[in-house]
Amino acid sequence: MCGIIGYIGDRDAAPILLKGIEKLEYRGYDSWGLATILDKISIRKGIGKIGEGPSDPLELKGKAGIAHTRWATHGGITEENAHPHTSCKGEIAIVHNGIIENYQELRRLLSDEGHNFTSQTDSEVIAHLLERYYNKSKNIKNALLATIKKIKGTFAFLVIFHTDPNVIVGARKDAPLVVGVGEDEFFLASDVLPFIEYTDKVVFLDNLEIAIATKNLLKIFDFKGKEVKKSVTQVAWEVGDASKKEFAHYTLKEIYEQSSTIKNALYQDRMKLEDFCKAIKGAKKVFITAAGTSFHAGLLARYFFSKISKVYCEAILASEFGQIIDWIDEGTVVLAISQSGETADVLHATREAKEKGARILSIVNVMGSTLDRESDFSLYLNCGPEIGVAATKSFTAQLVLIYLLAFTAADKPVYVNKLKILDKCVESILKVEDKVIEIAEKYKDINDFFFIGRSTHYPIALEGALKLKELSYIHAEGMAAGELKHGTLALIDDRTPVVVLNPEDDTYHETLSNTLEMKARGAKIIGISNIDNEVYDDLILFPKVEELFYPIIEVIPLQMLAYHMAIGRGADVDRPRNLAKSVTVK
Ligand code: M6R
């Protein structure tokens with residue numbers, strides 16, 4: 001779950017690399033480092049904020065280099081464990097994203113041969129293996145091929161060699177690696193964000209491929225060393241999409257972007273949409289799989305496909321997908337939902353399903369991501385880069401796309417048209433921020449929160465709780481409103497705030513009864529609804545909309561609530577502790 005970038009060309013590498021890892025920071029942010037090459041390899045590393053450390057990384061000279069931002073897996077958060085890692089004499093430097101599963105065995109072997117390790121990481125073995133094989137063959141490509149043959153696990157890594165300052169190499173297996181193609185320059189990185197301001201031309205490496213780049217030549221090979229011809233894709237993201245603009249945090253900017261991003265999610269290729277629906281309707285079995293916030297969208301998809309499109313389906317957490325693998329066969333469609341398209345649990349689930357003959361459909365935001373490329377069909381969220389670790393705009397875009405699919409599959413064009421005016425409702429719900437700030441101020445010191453809702457509001461209750469946990473570090477639980485009385489009610493007392501998702505639809509009266517049960521036990525009720533009721537201690541009121549669309553509207557004040565509670569408690573909103581945006585480990 002780290003971010004890597006490499007550069008080779010005519011410009012000074014250090015400023016590009018430093019800015020690059022800042023853009024990749026959402027993939028991990030506990031330590032950072034870069035290495036450039038001039039007459040020798042020079043390295044700067046630090047813990048914590050990128051660029052801050054004992055010496056200035058911009059002092060590094062050279063027109064080629066590699067950099068890394070880390071989310072620790074093996075070895076603590078120390079300067080020694082920060083990447084780049086080097087071979088014994090510092091003549092080879094590597095940065096790595098992934099996990100080398102057999103690193104202990106390799107470390108023993110290499111140590112016995114006299115290699116000297118300076119970190120506790122799994123990654124360092126790559127540098128020493130490369131050294132071992134390079135010393136034998138004096139050939140970069142052969143050393144690389146021999147190294148990847150030896151390592152087990154997942155990796156995308158980049159390497160520079162002291163002996164050849166005009167070359168940068170990379171390899172990928174089950175972790176992303178893309179190459180930005182500039183004029184007499186190449187950028188090798190975990191995704192396009194760190195180089196999109198220099199070039200929008202991209203070569204996507206497939207699994208089990210290596211790249212060898214000089215400033216004006218890029219060659220791609222498979223793991224057997226056979227050259228592979230690749231095409232260059234033009235990607236669409238604008239540079240501005242990835243900046244904070246006037247907002248204090250990316251998370252807040254992304255919350256506010258939702259009035260336009262939900263519109264963008266509707267721009268889908270008609271034929272592709274229909275093919276997607278045909279595949280879902282024609283399948284013998286449909287399983288939806290995803291993780292975290294995307295799974296909450298998956299729960300709603302299950303509800304809408306079953307209820308509106310009359311397609312029975314199951315939603316399974318990607319990390320639990322193995323439990324139902326025996327039910328997957330050629331007649332099965334697996335719909336995977338993922339913002340990044342790089343979540344390891346999701347990729348593992350879809351790969352397993354593919355092996356059993358299932359067709360893989362995906363809803364992703366990142367075009368060219370691993371999930372996108374490994375799927376039979378993909379639809380894109382079109383919501384631009386989401387930098388805040390907490391998913392916000394990608395969630396509402398997922399919901400819009402799910403509605404679009406459900407209505408198209410059910411042949412309900414009237415509802416599709418209604419979706420087109422949803423942005424106006426989102427604009428009006430964004431105006432509740434002042435009320436949300438007032439509520440956040442009142443409850444920010446409380447340590448336990450509950451969120452309840454029935455039917456389509458239940459996944460939103462789960463999502464509200466997840467947002468609050470990850471942004472403000474407050475314990476929160478999302479519950480089906482009807483379930484509270486089966487045990488959790490024991491936790492409710494006169495200090496407990498309960499957020500009730502209760503707009504006026506067919507769940508209204510039953511949810512109200514459940515709310516009264518909590519109120520009778522002293523709970524403080526925060527209502528999210530289009531109508532007031534005396535049971536609410538606080539109310540976030542929004543306009544009446546088409547009933548089916550309430551989940552999209554009501555989640556926005558919950559995102560704002562989590563954001564402002566986090567600000568009130570002094571948490572780092574864009575970079576919550578212990579988390580990373582793309583979870584590329586299982
Ligand atoms: O990129 P994905 O949608 O596959 O990511 C899945 C989860 O890791 C992600 O939604 C995570 O739960 C977010 N931090 C939630 O805000």
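Restricting to segment 387-420, count the residues that are over 13 Å from the mean Cα position of the chain (by Cα) and either within 11 Å of the ligand (Cβ to nearest atom) or assigned to a helix (DSSP H, G or I) (or both).
Total satisfying the criteria: 21.
Would you be able to say whether some residue in segment 557-571 is assigned to a helix (DSSP H, G or I), touching a strand residue (DSSP E or B) at 6+ places or on another chain (Cβ under 6 Å), in contact (Cβ under 8 Å) with a residue 24 or more places away in the chain and not assigned by TED's automatic domain parsing to the domain that holds TYR29?
Looking for residues that are assigned to a helix (DSSP H, G or I), touching a strand residue (DSSP E or B) at 6+ places or on another chain (Cβ under 6 Å), in contact (Cβ under 8 Å) with a residue 24 or more places away in the chain and not assigned by TED's automatic domain parsing to the domain that holds TYR29, one finds at least one in segment 557-571, hence yes.
Would you pick out the residues in segment 117-131 that are more than 10 Å from CYS88 (Cβ to Cβ) and either β-branched (Val, Ile, Thr) or open to solvent by less than 40 Å² (accessible area, probe 1.4 Å) (or both)?
Hits for segment 117-131 are SER119, THR121, ASP122, SER123, GLU124, VAL125, ILE126, LEU129, LEU130.
Anything in segment 243-271 that is assigned to a loop (DSSP other than H, G, I, E, B), within 15 Å of the ligand (Cβ to nearest atom) and open to solvent by 10 Å² or more (accessible area, probe 1.4 Å)? List them, or say none.
Matches in segment 243-271: HIS249 only.
Quick check on SER455: is it open to solvent by 10 Å² or more (accessible area, probe 1.4 Å), of a type in the set (Gly, Ala, Ser) and touching a residue at least 60 places away in the same chain (Cβ under 8 Å)?
yes
Is there any pair with a first residue in segment 295-321 that is under 14 Å from LEU405 (Cα atoms) and assigned to a helix (DSSP H, G or I) and a second that is open to solvent by 40 Å² or more (accessible area, probe 1.4 Å) and within 16 Å of the ligand (Cβ to nearest atom) whose Cβ atoms are under 9 Å apart and which are 6 or more apart or on different chains, and what are they?
GLY298/LEU317
Filter segment 302-338 for residues that are open to solvent by less than 50 Å² (accessible area, probe 1.4 Å) and within 16 Å of the ligand (Cβ to nearest atom) and give the result.
Once the filter is applied, which keeps residues that are open to solvent by less than 50 Å² (accessible area, probe 1.4 Å) and within 16 Å of the ligand (Cβ to nearest atom), segment 302-338 yields ALA315, ILE316, ALA318, PHE321, VAL334, LEU335, ALA336, ILE337, SER338.
Which residue is farthest from LYS544 (Cα to Cα), if the candidates are limited to segment 476-512 and must be among the small types (Gly, Ala, Ser) and either touching a residue at least 40 places away in the same chain (Cβ under 8 Å) or open to solvent by less than 60 Å² (accessible area, probe 1.4 Å) (or both)?
By that ranking, first place goes to GLY487.
Go through (1) part of a helix (DSSP H, G or I); (2) assigned by TED's automatic domain parsing to the domain that holds LYS201 and name the single condition LYS230 misses.
Only one criterion in (1) part of a helix (DSSP H, G or I); (2) assigned by TED's automatic domain parsing to the domain that holds LYS201 is unmet by LYS230, namely (1).
Give the residues of segment 282-298 that are out of contact with any Ser or Thr (no Cβ under 7 Å at 6 or more places or on another chain) and open to solvent by 40 Å² or more (accessible area, probe 1.4 Å), sorted by residue number.
GLY282
Does segment 272-284 contain at least one residue that is part of a loop (DSSP other than H, G, I, E, B) and either among the small types (Gly, Ala, Ser) or in contact (Cβ under 8 Å) with a residue 12 or more places away in the chain (or both)?
Yes.
One residue is enough: does segment 133-153 have a residue meeting the conditions in contact (Cβ under 8 Å) with a residue 12 or more places away in the chain, open to solvent by 20 Å² or more (accessible area, probe 1.4 Å), over 24 Å from GLU91 (Cα atoms) and assigned to a strand (DSSP E or B)?
No, segment 133-153 contains no residue that is in contact (Cβ under 8 Å) with a residue 12 or more places away in the chain, open to solvent by 20 Å² or more (accessible area, probe 1.4 Å), over 24 Å from GLU91 (Cα atoms) and assigned to a strand (DSSP E or B).
Restricting attention to segment 19-61, which residues are farther than 22 Å from ALA171 by Cβ, outside any strand (DSSP E or B) and open to solvent by less than 20 Å² (accessible area, probe 1.4 Å)?
ILE50, PRO57, LEU60
For segment 77-123, give me each residue that is part of a helix (DSSP H, G or I) and small (Gly, Ala, Ser).
Answer for segment 77-123, where residues must be part of a helix (DSSP H, G or I) and small (Gly, Ala, Ser): just SER111.
If a residue has to be within 16 Å of the ligand (Cβ to nearest atom) and among the polar types (S, T, N, Q) to count, how many in segment 528-586 make the cut?
4
Quick one: would you say SER111 is assigned by TED's automatic domain parsing to the domain that holds TRP32 and in contact with a helix residue (DSSP H, G or I) (Cβ under 8 Å, 6 or more places away or on another chain)?
Spelling it out, it is not the case that SER111 is assigned by TED's automatic domain parsing to the domain that holds TRP32 and in contact with a helix residue (DSSP H, G or I) (Cβ under 8 Å, 6 or more places away or on another chain).
If you scan segment 339-386, which residues turn out to be in a loop (DSSP other than H, G, I, E, B), more than 9 Å from the ligand (Cβ to nearest atom) and either open to solvent by less than 20 Å² (accessible area, probe 1.4 Å) or modelled with pLDDT of 90 or more (or both)?
LYS356, GLY357, ALA358, GLY368, SER375, ASP376, LEU381, ASN382, CYS383, GLY384, PRO385
Would you check if ILE100 is β-branched (Val, Ile, Thr) and open to solvent by less than 70 Å² (accessible area, probe 1.4 Å)?
When the stated conditions are applied, ILE100 passes them.
The values are calculated or read from the model by the stated rules, or taken from the named source; none is laboratory data. Keep in mind that what you see is a predicted model, and the values were worked out from it rather than measured. Reconstructed Cβ throughout: ideal geometry from the backbone, glycine too, with neighbour counts over all protein chains shown. All accessible areas refer to the heavy atoms of the entire protein, side chains included, with ligands and DNA or RNA removed. Shrake-Rupley method; radii C 1.70, N 1.55, O 1.52, S 1.80 Å.
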